[in-house]
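So the structure is just underneath, and the comments pick up after that.
The values are calculated or read from the model by the stated rules, or taken from the named source; none is laboratory data. Keep in mind the model is a prediction, meaning the values are calculated, not measured. With ideal geometry, Cβ positions are generated from the backbone for all residues, glycine too; neighbour counts draw on all protein chains shown. Note: accessible area is taken over every heavy atom of the protein model, side chains too, but ligands, DNA and RNA are not part of it. Shrake-Rupley method; radii C 1.70, N 1.55, O 1.52, S 1.80 Å.
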Amino acid sequence: MANIDQHLEFTAEVPSNIALVKYWGKRDPDRQWPANDSLSMTLNAARTITTARIHHDAMDKMDKGDVLLRADMDGDLQPVTGNDKALRHLAYLRRELKMPPALHIATKNTFPSGCGIASSASGLGALTLAAISAWTGARSLTELAASGFDLPRLAELARLGSGSACRSFFGGYCLWTAGAEPESQTVMQVYDEDHWPLADLILIVSPETKSVSSSAGHLTTASSPLFKPRVAGIPARMRRVRAALAARDLDALGVEIEAEALDMHAVMMTATPSLRYLLDGSVDFLSWLRKEREETGLPAYFTIDAGPNIHVICDLKDAAKVSARINAAFPHLSIIADRTGAGPTLTGRPLP
Ligand code: PMV
């Protein structure tokens with residue numbers, strides 16, 4: 001443990017990501033070994049901002065002294081207690097890295113949490129980055145890499161908190177491969193954010209937190225008769241998605257990501273217990289989008305995570321037009337206008 005500095009606070013900003021080829025199901029939950037490779041686009045506006053510092057009053061205590069505050073929907077910081085995923089991950093990091101000092105951490109999302117905008121990806125990513133910065137005293141990603149925590153290492157540690165978090169450590173388009181064994185997983189950038197900036201118009205069908213978390217959902221996959229065929233088809237799907245990305249071909253990409261999202265939701269719905277994340281409003285929107293595309297040539301496609309909200313993917317130059325058409329048809333629903341983004345940032349500054 002190097003350079004403990006009690007007079008600094010560290011702010012990590014980690015973007016969310018939207019999977020184009022989804023991670024759904026695990027070969028080994030304990031080692032967070034996914035059933036298949038996945039590929040995502042890193043977002044820009046949807047992010048978690050987490051500030052950490054050494055908790056002055058608790059230098060000599062283990063995790064009992066941690067304080068974790070999370071902003072609620074009104075932006076008010078509330079203490080997090082009990083069996084929370086973030087507290088469990090903090091305890092894991094402390095054990096794994098042998099970093100005893102207790103931390104004071106405050107965190108907020110720039111978007112509604114737990115409803116299919118991958119808040120666990122950005123949240124667990126930002127927690128990992130902020131906590132390790134406070135423990136090591138590193139004030140930038142460069143200093144952190146020099147302390148032994150480069151982006152692949154941070155991604156690996158964050159993955160143990162939430163699988164999809166590992167893909168938030170690189171900007172642009174990011175590939176997480178499952179490998180032949182748990183230890184040979186890799187996370188890497190396949191294209192940076194300038195290769196093909198796309199818009200992700202996130203339609204908020206419902207901001208409510210979903211009743212079954214992704215973590216619980218992953219464990220139901222084996223019970224679906226559609227799961228094995230899905231996993232068997234992923235390598236071919238991945239090749240087609242990568243070819244569409246390489247060629248910047250929206251129609252080819254769109255066909256794949258829509259089929260992929262529906263494939264994952266088919267596994268969810270045919271599992272025991274059956275999971276239904278889509279609401280009637282989500283399905284109404286999907287029907288509308290397909291009809292608009294067929295009848296008016298609207299150049300936009302959907303993908304969906306484990307939640308009711310719809311990510312509409314289109315070229316950046318068409319984003320305003322697509323957004324206006326959605327607003328006209330669904331005036332009661334709000335849209336978070338996001339786009340392909342860069343990876344995380346880290347700053348360290350003296351305490352105020
Ligand atoms: O990282 P988790 O455990 O929250 O799982 C994420 C699962 C999906 O968001 C549905 C798909 C994905 O690849 O991000």
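Would a scan of region 163-174 turn up a residue that is closer than 24 Å to Ala216 by Cβ and not in a helix (DSSP H, G or I)? Scanning region 163-174 turns up no residue that is closer than 24 Å to Ala216 by Cβ and not in a helix (DSSP H, G or I).
Comparison of Thr142, Thr107, Thr136 shows that the only residue that is within 30 Å of Ser211 (Cβ to Cβ), outside the structural domain of Val312 (by TED's automatic domain parsing) and not hydrophobic (A, V, I, L, M, F, W, C) is Thr107. In the condition set (1) more than 17 Å from Thr48 (Cβ to Cβ); (2) touching a helix residue (DSSP H, G or I) at 6+ places or on another chain (Cβ under 9 Å); (3) part of a loop (DSSP other than H, G, I, E, B); (4) open to solvent by 30 Å² or more (accessible area, probe 1.4 Å), Glu156 is compliant with all but (3).
I need the full set of residues from region 293-305 which are touching a Leu at 6+ places or on another chain (Cβ under 8 Å) and surrounded by 20 or more Cβ atoms within 10 Å (Cβ to Cβ), in order please. Matches in region 293-305: Leu298, Ala300, Tyr301, Phe302, Thr303, Ile304. Exactly one residue out of Leu175, Leu90 is away from the ligand (no atom under 16 Å from the Cβ) and open to solvent by less than 30 Å² (accessible area, probe 1.4 Å), and it is Leu90.
Set side by side, the residues Ser133, Ser122, Ser147 differ, and just one is within 12 Å of the ligand (Cβ to nearest atom), in contact with a helix residue (DSSP H, G or I) (Cβ under 8 Å, 6 or more places away or on another chain) and in contact (Cβ under 8 Å) with a residue 12 or more places away in the chain, which is Ser122. Note on region 9-38: among residues that are closer than 19 Å to Ile310 by Cα and either more than 10 Å from the ligand (Cβ to nearest atom) or assigned to a loop (DSSP other than H, G, I, E, B) (or both), the one that is most open to solvent (accessible area, probe 1.4 Å) is Tyr23.
Has region 313-331 got at least one residue that is closer than 19 Å to Ser213 by Cβ and open to solvent by less than 20 Å² (accessible area, probe 1.4 Å)? No; the residues of region 313-331 include none that is closer than 19 Å to Ser213 by Cβ and open to solvent by less than 20 Å² (accessible area, probe 1.4 Å). Within region 157-172, restricting attention to residues that are within 14 Å of the ligand (Cβ to nearest atom) and not hydrophobic (A, V, I, L, M, F, W, C), which residue is nearest to Ser16 (Cα to Cα)? It comes out as Ser168. For region 7-46, a residue qualifies if it is modelled with pLDDT under 95 and basic (Lys, Arg), and exactly one does: Arg31. For region 203-221, the tally of residues that are out of contact with any Ser or Thr (no Cβ under 9 Å at 6 or more places or on another chain) and either part of a helix (DSSP H, G or I) or more than 11 Å from the ligand (Cβ to nearest atom) (or both) stands at 6.
Of everything listed in (1) in contact with a His (Cβ under 9 Å, 6 or more places away or on another chain); (2) more than 25 Å from Asp200 (Cα to Cα), the single unmet condition for Ser133 is (1).
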